[in-house]
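Below is one structure; the comments refer to it alone.
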Amino acid sequence: MSDAWVVVAAVGAGTIVIKAAGPVLLGGRPLPERVRSVVALLAPALLAALVATTTFGSEQQLVLDARVIGVASAGVALLFRAPVLLVVVVAAAAAALARLVGIG
Amino acid sequence: MATDAPIRFELRQGAITAVPLAIAVGLFGVSFGVLSASSGGMGAIPAVIMSVTTFAGSAQFAAASVMGSGGQPVAAIAAALLLNARYLPIGVSVAPYLTGGPLRRFVHAQLVVDESWAIASRGEGRFDPHRLVGAGIVLWLAWVIGTIVGAIGGDALGDPAALGLDAAFPALFLALLVGQLRSGNAVAAALLGAGIAVALIPFAPPGVPIIAAAAAALIGLVRR
């Protein structure tokens, strides 16, 4: 089995179990307050880490290239409350344009 | 079992309310398909199967980006599942409102995503299970069909970097992040998570900095 299929199978099975755990196993019981307060912060912490690694990471190095210009443009689009798809298109276009003129 | 009129009404209400969101989710699916099918991605067929089984956009993009940057499969799996850990409390929140036996509850639980959960919410922590199912089915179809369209079209695209597709990943994560910053604690966890990841990039294999950033969520224990 290739790496891609291993990831697809494991993420799929794991997600199905996570989603089903509350409704099937716990029934109506709530999670402990302390567990809930940590789990609620996992998504912002991980998404911010993903922004950082996909903007500055290249193999095992920190680099500044056209992606930074793309992400900065995305930030401006978000300030104007642009929808997600437009934000992504703006970022890609800005990065492509920067490369076209020889930046990054 | 006869489906009575109020249930059919709520199912339809959920589905109709989900349509505008489904268009956005479908286009989001197209971008997942394109990025996965273009060179360096996981491939078209794995991407489609992932959308069918996982049905969670941010986790799928996270797995794809770790794989695309040369990370180990185990790092991609851990990053995706940590992101989906939020479905544990979300699942718990809707659990009292789901009806029927374990199998029915299991299937309905799979239709819970951020958007269907929001549509099913009736305020004060109460949920309509039929709206959840109606919205969930529409969103799932949009996500899967979008991925298929993107995966077929993505093969035709050229060099992802020249098209700026490598900047699409961080832009997407940034847009998803903004939607999560609803409290001071969330902002603090985000800043700390980003800091941990940047500090580890030069020293750890791809994917590991993202998993390590999960430790930032522990500030939920000390700060209220």
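The values are calculated or read from the model by the stated rules, or taken from the named source; none is laboratory data. All values derive from a computational prediction rather than experimental measurement. So basically every Cβ, Gly included, is an ideal-geometry build from the backbone, and we count neighbours across all protein chains shown. Just so you know, the surface numbers come from the protein's heavy atoms only, side chains and all, with ligands and any DNA or RNA stripped out. Shrake-Rupley method; radii C 1.70, N 1.55, O 1.52, S 1.80 Å.
Points worth noting:
- Taken as Cα centroids, region A:1-17 and region B:125-144 sit 24 Å apart, rounded to the nearest whole angstrom.
- With the charge dipole of chain B set up from +1 on Lys and Arg Cβ and -1 on Asp and Glu Cβ about the Cα centre, the Cα lying farthest toward the positive end among the listed residues B:ALA167, B:VAL92, B:GLN110 is that of B:VAL92.
- Computed magnitude of the charge dipole of region B:60-175 (debye, nearest 20; Cβ of K, R +1, Cβ of D, E -1): 580 debye
- The mean sequence distance of close C-alpha pairs (under 8 Å, at least 6 residues apart), as a share of the length of region B:139-224, puts its relative contact order at 23 percent.
- Shielding by partners, peptide B:105-116 (average Cβ within 10 angstrom, other chains): 3
- Ligands, DNA and RNA aside, A:SER58 has an accessible area near 50 Å² when probed at 1.4 Å.
- For chain B, averaging the sequence separation of C-alpha pairs within contact (under 8 Å, six or more residues apart) and dividing by the residue count gives a relative contact order of 33 percent.
- Net dipole in debye of chain A [+1 Lys, Arg Cβ; -1 Asp, Glu Cβ; about Cα centre; nearest 20]: 380 debye
- Its residues counted as N, chain A yields a C-alpha radius of gyration over 2.2 N^0.38 Å of 1.49.
- The mean number of Cβ atoms from other chains found within 10 Å of a Cβ in peptide B:91-103 is 5, as a whole number.
- In Å, descending, principal axis extents of the Cα set of region B:1-68: 50, 26, 16
- Electrostatic dipole magnitude of the protein assembly as shown [Cβ: Lys, Arg +1; Asp, Glu -1; Cα centre; debye, to 20]: 1000 debye
- A dipole drawn for chain A from +1 and -1 charges on Cβ atoms has a positive end, and of A:THR53, A:TRP5, A:VAL24 the residue lying farthest that way is A:VAL24.
- Shown for region B:68-145 is the translational diffusion coefficient from the Stokes-Einstein equation, using the Kirkwood radius over Cα pairs, a temperature of 25 °C and a viscosity of 0.890 mPa s: 178 µm²/s.
- Rg(Cα)/(2.2 N^0.38 Å) for region B:30-73, N = residue count: 1.01
- For region B:105-190, the equivalent ellipsoid derived from the alpha-carbon gyration tensor has semi-axes of 30, 23, 8 Å in decreasing order.
- For region B:164-210, the spread of Cα coordinates along the three principal axes comes to 31, 26, 11 Å, biggest extent given first.
- Note on A:68-76: average number of Cβ atoms from other chains within 10 Å of each residue's Cβ is 4.
- Dimensionless Rg over Rh [the protein assembly as shown; C-alpha; Kirkwood]: 0.97
- Secondary-structure-derived ellipticity at 222 nm for chain A, considering helices only, amounts to -24000 deg cm²/dmol, per-run term -39500 (n - 2.57) for DSSP H runs with n ≥ 4.
- FRET efficiency, 1/(1 + (r/R0)^6) with R0 56 Å, evaluated for A:VAL101 and A:VAL17 via beta carbons: 0.70
- Binned Cα-Cα distances of chain B, short to long, each 5 Å bin given as a whole percent: 1, 7, 12, 17, 18, 16, 14, 9, 5, 2, 1, 0, 0
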